[in-house]
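One structure is given here, and the rest of the page talks about it.
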Amino acid sequence: MTGPRLNIDLDKIYHNAHTLVELLADRGISVTGVTKATLGSREIAEVLIRAGVKAIGDSRIENIEVMRLAGLPVAMTLIRSPMLSQTDRVVMHADVSLNTELDVIRKLSHSGQKAGRIHGIILMVELGDLREGIMPGDLINTVGETLRLPNVAFKGIGTNLACRSGVSPDAEKMAQLSALAVSIEATFDLTIDIVSGGNSASLPWVLSGADVGRINELRLGESILLGCEPLHRQPIDGLHTDAITLSAEVIESKVKPSKAWGEVGQTAFGERPSGTDRGHISQSILAIGQQDTDPCGLRPPRGINVLGASSDHLILESDHCLTIGSEMTFQLNYGALVRAMTSPFVAEVVKPQCGTFNRTVEANNG
């Protein structure tokens, strides 16, 4: 097979998505399936739709346009604040977008008037992670301004946690978001459709049995694709952690010293390597590197250690010399997946769905 490549098992993705959709439905929470890590893959989006997600979310309007052209029968949400320069495209192809700036919402209103379309607005609230979000004290004013604009429809509020600063979505944060929803409804005499409690990092809180309050939607990507939660990268019970794996080919296998010799400066990526002399080791090189994935996000098979990487070489240590032309398969984290999916040098091999996934299969095991 062509390498390097991502091995994508649609049955396992379906199993993960359907399991989470059912678990969250029991708590009154719907799922927006996030495709941004898959470059807006039509095949994966179709699996998520079959698994029961309410909407598809992506951070790039370009990906949404591709999925729209594929005729996917589901609402599309742009989960990054729209660029002012792209509001016409956003209104034409996305049903809803997440917003924090009134200037952008006004431009969406103008684009909606030109296109004769109404665009949905979810206002994102800053609850401490310091990525995107309106400060809570400014939210009522922003809602009021949004409600006055034509061709945009205020759909609700949401928040994002754990992405920039690792702040946990806990009971206190989620109670604050619920309280803001209640306050908006009382102030403007309306009912909010969506209170979006964040991403896959919110799953430990929800699945703990906590009172979810007004939270009725989550935006899930990593938990579906990789079967883990982002706060501690722990597997989620009942989900597969190898729905997507990465394979690469061995192009060199030799016994070499464990420590470099000569005057040492910076590496190709500005690092200053260090290490102890452990004598000679079995060192192998795979045909993949920093240009293709995040080497720090690769989990090799037992008995293999990743020593480092340059642009196109991944250097490994093993307990024996690997065979030239053989392949090694890695599990990968979200960062490694995102970079591999967007590399033109990494192929994608999709294992088609075989029908409804057998729920008796043992998850978290491959």
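The values are calculated or read from the model by the stated rules, or taken from the named source; none is laboratory data. Predicted, not measured: the structure shown is a model, and the values here were computed from it. Cβ sites come from the backbone with ideal geometry, for glycine too, and all protein chains shown count toward neighbours.
List of remarks:
- Residue check, residue 67 surrounded by 17 or more Cβ atoms within 10 Å (Cβ to Cβ) and not hydroxyl-bearing (Ser, Thr, Tyr): yes
- Any hit, the range 149-162, residues being in a loop (DSSP other than H, G, I, E, B), modelled with pLDDT of 95 or more, in the same structural domain as residue 104 (by TED's automatic domain parsing) and of a type in the set (Lys, Arg): no
- Matching residues in the range 235-262 - criterion: being within 16 Å of the chain's Cα centre (by Cα) and outside any loop (DSSP other than H, G, I, E, B): 235, 244, 245
- Residue 244 vs. criteria aliphatic (A, V, I, L, M) and at pLDDT 95 or above: yes
- Among the residues of the range 82-97, not a single one is touching a Lys or Arg at 6+ places or on another chain (Cβ under 7 Å), outside any helix (DSSP H, G or I), farther than 20 Å from residue 143 by Cβ and touching a residue at least 24 places away in the same chain (Cβ under 8 Å).
- Residues of the range 163-193 classified as under 27 Å from the mean Cα position of the chain (by Cα), of a type in the set (Ser, Thr, Tyr) and in a helix (DSSP H, G or I), total: 1
- Residues that are assigned to a strand (DSSP E or B) and either of a type in the set (Asp, Glu) or surrounded by fewer than 24 Cβ atoms within 10 Å (Cβ to Cβ) (or both) within the range 111-120 comprise just one, 120.
- Test: residue 124 is over 15 Å from residue 196 (Cα atoms) and in contact (Cβ under 8 Å) with a residue 12 or more places away in the chain: no
- Those residues of the range 287-307 which are under 25 Å from the mean Cα position of the chain (by Cα) and either in a loop (DSSP other than H, G, I, E, B) or crowded, with 18+ Cβ neighbours inside 10 Å (or both), in sequence order: 288, 289, 290, 291, 292, 293, 294, 295, 297, 298, 300, 301
- A single member of 108, 127, 139 is crowded, with 18+ Cβ neighbours inside 10 Å and not in a helix (DSSP H, G or I), and it is 127.
- Looking across 43, 62, one residue alone is assigned to a helix (DSSP H, G or I) and free of Cβ contacts under 8 Å to residues at least 60 places away in the same chain. It is 62.
- Of the residues screened, residue 206 is not one that is of a type in the set (A, V, I, L, M) and more than 22 Å from residue 18 (Cα to Cα).
- Listed by first and then second residue, the pairs with beta-carbon distance under 7 Å, at least 6 apart or on different chains, first residue in the range 178-193 and assigned by TED's automatic domain parsing to the domain that holds residue 54, second among the hydroxyl-bearing types (Ser, Thr, Tyr), are 185/191.
- Against the criterion of being outside any strand (DSSP E or B), modelled with pLDDT under 95 and polar (S, T, N, Q), residue 2 qualifies.
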